[in-house]
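Engineer: Dropping a structure here in structure tokens format, bear with me for questions.
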């Protein structure tokens, strides 16, 4: 059993990992950049190490320096969280070759499932359908590209095989836009992920975004923890997440859940993972698999009572862990609102000093955050400040409970997306669960 875990991340997921380690009797080491000297997690970890300047490419993404920090502190394992190096298969391999346990799936699993083309070919063998399209690397010849697109039919979407978050992704509605869109997508993918390979899929016009949470012990045992609905998005970035996904065809869902579990069992999947789908007209279309903890994991924890981060640690560090589907009981409905340091109208980032704030509380409310009074929000990283999660017996009650929590919550000194969430949770289409992934940008913001 490892006794010291280096947390290779920042912000609220770093705090989340510290808490889980404390419950398991594990010592913690937090890394930080020169732009993150005031992080709350540094006060609660057993040790901390500066790994470089504020620029994340020279600190949180600097694998050799992070491995050196693990060595110097005598760490036994490395916890990657989400973002940064969490889905970098070469980093996972370097950890293990250097004698540190990478807390996550094997480097080979991360490599296979991190490439969207490879992942799609794998899941198809388990009866999991992908979005129709051209699943190979596109040729260099422009006429061949145009011919492939004509065979798929417009509209279509150009996607990067690596990465996500909307980068390297372009919607194309006619052949006139195609070649330029491919070139832009390839450049964005190269800049964002160091890989310019892109591919085509048929563009599904108005789907919902539904996720399935899985857990595997690396020994052929796996279970699912149900679904999440992450359809409130802006530029492919999730803003509100819910568990479970409501108004889904039960027969189709049961089949997809069974297939996802079988996939994980055969892969000897180790740790937590999420399979993402587009859902339209009662059909599930596989998008990708995230081989890490998700930002939105708290809604799943709230409706199952299953601690996903502790499960990651237990599985990776060889602690006793039994995975039985019959032990998972689903109760109620949970909603998560991501509070970002952005204005509520144009979503422009707004870093700066928090001069005053108050966090919500009460029955059925959870608050995950790393910020505090006087904290200076840096401009170098993701703008997420906090996650507010409500749990209630029904979706309607969870919405009401969240609105009450948002009424209590305030941050002064910087602009946040607080007011956006208040408006969305009062929106008639959202309340009726009639929204899709395009609703926020195509309807809600235009009518606001």
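The values are calculated or read from the model by the stated rules, or taken from the named source; none is laboratory data. Please read these numbers as outputs of a predicted model, since none were measured by experiment. Virtual Cβ from ideal backbone geometry, glycine too; neighbours counted across all protein chains shown.
Engineer: Run down 103, 128, 117, 157 and say which single residue is under 20 Å from the mean Cα position of the chain (by Cα) and farther than 22 Å from residue 297 by Cα.
Structural biologist: Values: 103 fails: farther than 22 Å from residue 297 by Cα; 128 fails: under 20 Å from the mean Cα position of the chain (by Cα); 157 fails: under 20 Å from the mean Cα position of the chain (by Cα).
None of the other options fit; the residue is 117.
Engineer: I need the helices (runs of 4 or more DSSP H) fully contained in region 31-137, keeping only those with at least 3 residues that are closer than 16 Å to residue 8 by Cβ and free of Cβ contacts under 8 Å to residues at least 24 places away in the same chain. So that I can check it myself, show each step before the final result.
Structural biologist: Working: elements: 41-44, 63-72, 89-97, 107-114, 116-124.
In region 31-137, 63-72, 89-97 are the helices (runs of 4 or more DSSP H) which contain 3 or more residues that are closer than 16 Å to residue 8 by Cβ and free of Cβ contacts under 8 Å to residues at least 24 places away in the same chain.
Engineer: Restricting attention to region 139-153, does a residue exist that is touching a residue at least 24 places away in the same chain (Cβ under 8 Å), buried (at least 21 other Cβ atoms within 10 Å of the Cβ), within 20 Å of the chain's Cα centre (by Cα) and not in a strand (DSSP E or B)? Working first, answer last.
Structural biologist: Going through region 139-153, the residues touching a residue at least 24 places away in the same chain (Cβ under 8 Å) turn out to be 142, 145-146, 148-150, 152-153.
With buried (at least 21 other Cβ atoms within 10 Å of the Cβ) added as a condition, the list becomes 149.
Narrowing further to those that are within 20 Å of the chain's Cα centre (by Cα): none.
Within region 139-153 (the criterion being touching a residue at least 24 places away in the same chain (Cβ under 8 Å), buried (at least 21 other Cβ atoms within 10 Å of the Cβ), within 20 Å of the chain's Cα centre (by Cα) and not in a strand (DSSP E or B)), the answer is no, since none of the residues qualifies.
Engineer: Of all residues being surrounded by fewer than 24 Cβ atoms within 10 Å (Cβ to Cβ) and outside any loop (DSSP other than H, G, I, E, B) in region 287-297, which is modelled with the highest pLDDT? Just the residue, please.
Structural biologist: 290
Engineer: When only residues in region 233-265 that are over 14 Å from the mean Cα position of the chain (by Cα) and part of a strand (DSSP E or B) count, which is surrounded by the most Cβ atoms within 10 Å (Cβ to Cβ)?
Structural biologist: Residues of region 233-265 over 14 Å from the mean Cα position of the chain (by Cα): 234-235, 243-265.
Of the ones still in play, those that are also part of a strand (DSSP E or B) are 234, 243.
Working: 234: 17, 243: 31.
Restricting to residues being over 14 Å from the mean Cα position of the chain (by Cα) and part of a strand (DSSP E or B), the top hit is 243.
Engineer: Within 19 Å of residue 345 (Cβ to Cβ), without any contact (Cβ under 8 Å) to a residue 40 or more places away in the chain and in the same structural domain as residue 369 (by TED's automatic domain parsing): does that describe residue 400? Give the derivation first.
Structural biologist: Details: within 19 Å of residue 345 (Cβ to Cβ): no; without any contact (Cβ under 8 Å) to a residue 40 or more places away in the chain: yes; in the same structural domain as residue 369 (by TED's automatic domain parsing): yes.
Considered against the rule, which asks whether it is within 19 Å of residue 345 (Cβ to Cβ), without any contact (Cβ under 8 Å) to a residue 40 or more places away in the chain and in the same structural domain as residue 369 (by TED's automatic domain parsing), residue 400 comes out as no.
Engineer: Checking residue 377 against (1) under 24 Å from the mean Cα position of the chain (by Cα); (2) more than 22 Å from residue 39 (Cα to Cα), which single condition isn't satisfied?
Structural biologist: Unmet condition: (2).
Engineer: OK, next. Among the residues that make up region 306-318, is at least one of them under 30 Å from residue 201 (Cβ atoms), assigned by TED's automatic domain parsing to the domain that holds residue 430 and in a helix (DSSP H, G or I)?
Structural biologist: Within region 306-318, the subset under 30 Å from residue 201 (Cβ atoms) is 308.
In the following step, the residues that additionally are assigned by TED's automatic domain parsing to the domain that holds residue 430 were identified as 308.
Among the residues that remain, those that are also in a helix (DSSP H, G or I) are: 308.
Among the residues of region 306-318, at least one is under 30 Å from residue 201 (Cβ atoms), assigned by TED's automatic domain parsing to the domain that holds residue 430 and in a helix (DSSP H, G or I), which makes the answer yes.
Engineer: If I filter region 387-404 for residues that are within 28 Å of residue 60 (Cα to Cα) and not in a strand (DSSP E or B), do I get at least one hit? Reasoning before the result, please.
Structural biologist: So in region 387-404, the residues within 28 Å of residue 60 (Cα to Cα) come out as 387-389.
Restricting the remaining residues to those that are not in a strand (DSSP E or B) gives none.
No, region 387-404 has no match at all.
Engineer: May I pose another question? Can you tell me which of 368, 382 is under 24 Å from the mean Cα position of the chain (by Cα) and part of a loop (DSSP other than H, G, I, E, B)?
Structural biologist: Details: 368 fails: part of a loop (DSSP other than H, G, I, E, B).
Among 368, 382, only 382 is under 24 Å from the mean Cα position of the chain (by Cα) and part of a loop (DSSP other than H, G, I, E, B).
Engineer: To continue, here is another question. Please state which one of 157, 110, 128 is under 27 Å from residue 17 (Cβ atoms), surrounded by 18 or more Cβ atoms within 10 Å (Cβ to Cβ) and modelled with pLDDT of 90 or more. Spell out how you get there, then give the answer.
Structural biologist: Working: 157 fails: under 27 Å from residue 17 (Cβ atoms); 128 fails: under 27 Å from residue 17 (Cβ atoms).
Answer to the selection: 110.
Engineer: Here's another thing I want to ask about it. Got at least one residue in region 408-424 being touching a helix residue (DSSP H, G or I) at 6+ places or on another chain (Cβ under 9 Å), surrounded by 15 or more Cβ atoms within 10 Å (Cβ to Cβ), at positive phi and outside any helix (DSSP H, G or I)?
Structural biologist: No, region 408-424 contains no residue that is touching a helix residue (DSSP H, G or I) at 6+ places or on another chain (Cβ under 9 Å), surrounded by 15 or more Cβ atoms within 10 Å (Cβ to Cβ), at positive phi and outside any helix (DSSP H, G or I).
Engineer: Restrict the check to region 320-333 and report whether at least one residue is in contact with a helix residue (DSSP H, G or I) (Cβ under 6 Å, 6 or more places away or on another chain) and over 26 Å from residue 242 (Cβ atoms).
Structural biologist: yes
Engineer: Given the conditions (1) exposed (fewer than 15 other Cβ atoms within 10 Å of the Cβ); (2) in a loop (DSSP other than H, G, I, E, B), which single one is not true for residue 326?
Structural biologist: Residue 326 satisfies every listed condition except (2).
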